[in-house]
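Below you'll find the structure, written out as structure tokens, and then a few comments.
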Amino acid sequence: MRKFFVLPILVGLTTLVISQESGLKTDFTNPSSLPLVRNGDYVIRGTVLVQYTGRDAVLTIPESLGITELGDAAFSHSRLTDIVIPKSVKKIGISAFASCYSLKNISFENGIEVIGDSAFTGCSNLIRISFPDSLKVIGAKAFSGCLKLVRITLPANMLYISSSAMDDSYYDNNNANGNLYYSYYMAGQQAGVYNYSPGFRSWYIGTNPVPQAVLITAGSVSNVTSNEAWFMIQLPAEGSLLTAFTGGSRGDPYITVYSINGSKLGDDDDSGGNNNAKIELMATGITYIKVTRGQNYTLNVRVE
């Protein structure tokens, strides 16, 4: 089973070279039937910035362009040192700023929600970055290879941070035990560290690790093969009846449900019959479901 899965809106972007304008990259968040439009140094399809063709080092993207997404590789290998991203931009696509070796400063207006996989990979001169309260998701390897990045400021209401977000980044040579740590901040206060010690990689909220979890919605997840698997679901703030049960396992699955702060809400071993687990409970907000001892099972989730 693949862990660290992020919502399809984050990873479902496709990059290709289109024949009518050699070298321009695009994605299909907007229908591919929409025309490519040039507006100065910006190539746009619908509301997606497909490619920036300018050579400025310092750039403010005009909000008047109406861009809601920076497409895959839109700025990759550019000479940017400083960029301001307007509040109209909600998503940053896969590898949007990959290998921007000179990039030092990024300013986000409140509006950004999703940082895609490998969005800033290889930005080796980026030292610190601060995200506004609107940010919800940071994808896999988003800051991979950011060799100088030592501080990230995150909002307190984050939904998901991939456990590989900081792979192959800054190494603290002064750490006596050789582990790698990244300070991160929520609501202006240091909330904990990203622990990169051998055998365990996780983000922490306070002293509680955020598990390496598959982000799911109500429905089913088939062919789960891991002996221990974590799932995360976003429930309404007012609370819901959550039902989770396994089926088809050759093992003896055990389900445990946790709140976002790590408190155990409930657990079950065999209530589903035939050694399957089933649990029903009230939960609210971000909720984790942990399944152990399963073999090739299906996890079924209902929200009422």
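The values are calculated or read from the model by the stated rules, or taken from the named source; none is laboratory data. This structure is a prediction, so every number in the text was calculated from the model and none was measured. Using ideal geometry, Cβ is built from the backbone for each residue, glycine included, and neighbour counts are taken over all protein chains shown.
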Filter the range 277-292 down to the residues that are hydrophobic (A, V, I, L, M, F, W, C) and crowded, with 17+ Cβ neighbours inside 10 Å and list them by number.
Ala277, Ile279, Ala283, Ile286, Ile289, Val291
Picked from the range 96-127 (must be small (Gly, Ala, Ser) and touching a strand residue (DSSP E or B) at 6+ places or on another chain (Cβ under 9 Å)), the residue surrounded by the fewest Cβ atoms within 10 Å (Cβ to Cβ) is Ser107
Members of the range 128-166 that are at pLDDT 80 or above, surrounded by 22 or more Cβ atoms within 10 Å (Cβ to Cβ) and not in a loop (DSSP other than H, G, I, E, B):
Ile138
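Quick grid of which residues meet (1) more than 20 Å from Pro155 (Cα to Cα); (2) among the β-branched types (Val, Ile, Thr); (3) modelled with pLDDT under 95; (4) in a loop (DSSP other than H, G, I, E, B):
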| residue | (1), (2), (3), (4) |
| --- | --- |
| Val84 | no, yes, no, no |
| Ser107 | no, no, yes, no |
| Ile112 | no, yes, yes, yes |
| Gly122 | yes, no, yes, yes |
Could we say that Ser88 is modelled with pLDDT of 95 or more, assigned by TED's automatic domain parsing to the domain that holds Asp167 and polar (S, T, N, Q) here?
yes
Selected residue (criterion: surrounded by the fewest Cβ atoms within 10 Å (Cβ to Cβ)) from residues of the range 254-276 that are at pLDDT 90 or above and within 16 Å of Ile216 (Cβ to Cβ)
Thr256
Identify all residues within the range 218-246 that are over 20 Å from Thr284 (Cβ atoms) and surrounded by fewer than 18 Cβ atoms within 10 Å (Cβ to Cβ); write none if there are none.
Ser220, Ser222, Asn223, Thr225, Ser226, Asn227, Glu228
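Among the residues of the range 56-81, which ones are among the small types (Gly, Ala, Ser) and closer than 18 Å to Lys104 by Cβ?
The answer is Ala57, Ser76, Ser78.
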